[in-house]
Amino acid sequence: TIEFAPVLALAAGYAAGPMGAARLLARRPTDDLGWIRTELARVGEVAGLFRRGDALLAQAVPDVTRALARLRIEGSVLDGPELAGVQRVLAAARQVHADLRRVEDTAPLAAALAHPLPDKRIERRLEQSLDADGGVLDGASPALAAARREVHAARARLIRRLETLMRGLESAAVPADATVTVRGGRYVIPVRRDSRHRPPGIVHDESGSAGTLFVEPSAAIELGNALREAEVAEGRETLRVLRELTLLLRPELVTLRGILEMCVAVDDLVARARYAVATGGEVPEVAPAPDALRI
């Protein structure tokens with residue numbers, strides 16, 4: 001009836017990211033006078049910055065709470081996307097922290113939200129090891145770069161061998177526009193089921209019409225195995241890098257939780273201040289009610 005939730009939604013629309021918006025939407029009324037006065041004063045500080053042509057930086061951050069919870073478990077290994085999310089939080093926190101320090105004199109209550117940052121070398125190590133989507137970069141370790149070169153070379157050798165075998169077959173044995181393809185994780189060539197000149201090998205699949213078989217020729221199985229071994233070696237080194245990065249973050253768990261909270265709290269605060277400016281809101285004087293409120 002009093003449309004409290006719609007007002008929260010309006011204010012949450014000014015948040016930079018979903019975590020800040022969710023924090024604002026979760027707010028509920030309270031009669032804690034000291035808390036109310038502090039929160040109003042903090043919003044008033046930041047609204048004052050905006051009205052003077054200044055601002056306070058708020059950054060959208062990914063929700064890494066589940067990744068941080070997993071970090072508590074000894075022996076756990078965060079995957080690439082989880083580590084990339086933590087890296088984005090670190091980068092955002094560094095900017096938010098710097099801006100909080102900048103407004104320390106003009107907005108001390110807002111500046112009090114600052115939280116100590118972890119060593120910059122941790123952020124740099126993550127940047128060097130992961131792409132934006134959490135893929136592990138070649139530069140993460142010399143062994144990984146070497147393993148990936150071997151995978152590339154083994155794949156090229158296998159495909160060249162299969163193409164040579166396919167060209168050696170009679171044209172009637174191979175479907176039109178046939179190419180080397182992958183079935184069940186193995187490289188194969190398509191061969192007509194009714195061909196009497198089908199090469200010996202392992203049948204991994206058939207076409208939808210069942211007229212074509214996908215065959216891994218016996219003459220290429222050894223090269224296929226070599227490729228698989230190279231891929232396993234690459235996967236093993238990738239896992240080692242992810243484990244190393246996880247171990248780098250584990251001692252910083254408390255700090256990581258602190259900087260995530262800082263970013264979310266600042267986003268929530270800036271959204272309320274922007275809403276106050278947009279609606280011409282001012283900080284009211286607050287006092288205990290003389291009697292119970294009845295609506």
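Details
- Solution diffusion estimate, µm²/s, Stokes-Einstein, the chain, Kirkwood Rh from C-alpha pairs, 4 °C, viscosity 1.567 mPa s: 54 µm²/s
- Gaussian network model of the chain, Cα within-10 Å springs - most flexible of Leu100, Leu68, Leu223: Leu223
- For the range 110-208, the solvent-accessible area works out to 59 Å² per residue, with a probe of 1.4 Å and every protein chain left in place.
- Across the chain, the mean sequence separation of Cα contacts (distance under 8 Å, 6 or more residues apart), normalised by length, yields a relative contact order of 29 percent.
- Each listed q (0.11, 0.22, 0.23 Å⁻¹) maps to a log10 I(q)/I(0) for the range 151-248, found by the Debye formula over equal Cα scatterers with no solvent: -0.39, -1.06, -1.13.
- Rolling a 1.4 angstrom probe over the range 83-166 with all protein chains present gives an accessible area of which 53% lies on carbon and sulfur atoms.
- Relative contact order computed over the range 1-101 (Cα-Cα under 8 Å; 6+ residues apart), in percent: 24 percent
- For the range 165-234, applying the loop criterion from DSSP together with a ceiling of 10 other beta carbons within 10 Å to the GluC sites (Glu not before Pro) yields Glu170.
- Here the translational diffusion coefficient of the range 74-179 follows from Stokes-Einstein with Rh set to the Kirkwood radius across Cα pairs; for 10 °C and 1.306 mPa s it amounts to 86 µm²/s.
- Surface listing: His204, His152, His197 arranged by accessible area from highest to lowest gives His152, His197, His204, probe 1.4 Å.
- Sites counted here are trypsin sites (Lys or Arg not before Pro) in a DSSP loop (not H, G, I, E or B) having no more than 16 other Cβ atoms within 10 Å; the longest part of the chain that contains none of them is 73-192.
- Estimated inter-spin distance, Ala26 and Ala145, nm [label 7 Å along Cα→Cβ]: 4.3 nm
- Cleavage-rule hits, GluC sites (Glu not before Pro), the range 1-110, DSSP coil, Cβ neighbours within 10 Å at most 13: Glu3, Glu74, Glu104
- For Tyr275, the accessible surface of its heavy atoms amounts to roughly 60 Å² (probe 1.4 Å, protein chains only, rounded to the nearest 10).
- Dipole magnitude for the range 1-53: computed about the Cα centre from +1 point charges on Lys and Arg Cβ and -1 point charges on Asp and Glu Cβ, it is near 200 debye.
- Ranked by solvent-accessible area (1.4 Å probe, protein heavy atoms only, all chains present), the residues Leu49, Leu248 order from largest to smallest as Leu248, Leu49.
- Within the shell defined by Cβ-Cβ distances under 9 Å, the residues around Arg250 carry a net charge of -1, with Lys and Arg each +1 and Asp and Glu each -1.
- Heavy atoms of Asp131: accessible area, 1.4 Å probe, square angstrom to 10: 60 Å²
The values are calculated or read from the model by the stated rules, or taken from the named source; none is laboratory data. Since the structure is predicted, the reported quantities are computational estimates derived from the model, not experimental observations. Ideal geometry is used to build each Cβ from the backbone, glycine not excepted, and the neighbour counts take in all protein chains shown. Each accessible area value is taken on the protein alone, full model and side chains, heavy atoms only, with ligands, DNA and RNA left out. Shrake-Rupley method; radii C 1.70, N 1.55, O 1.52, S 1.80 Å.
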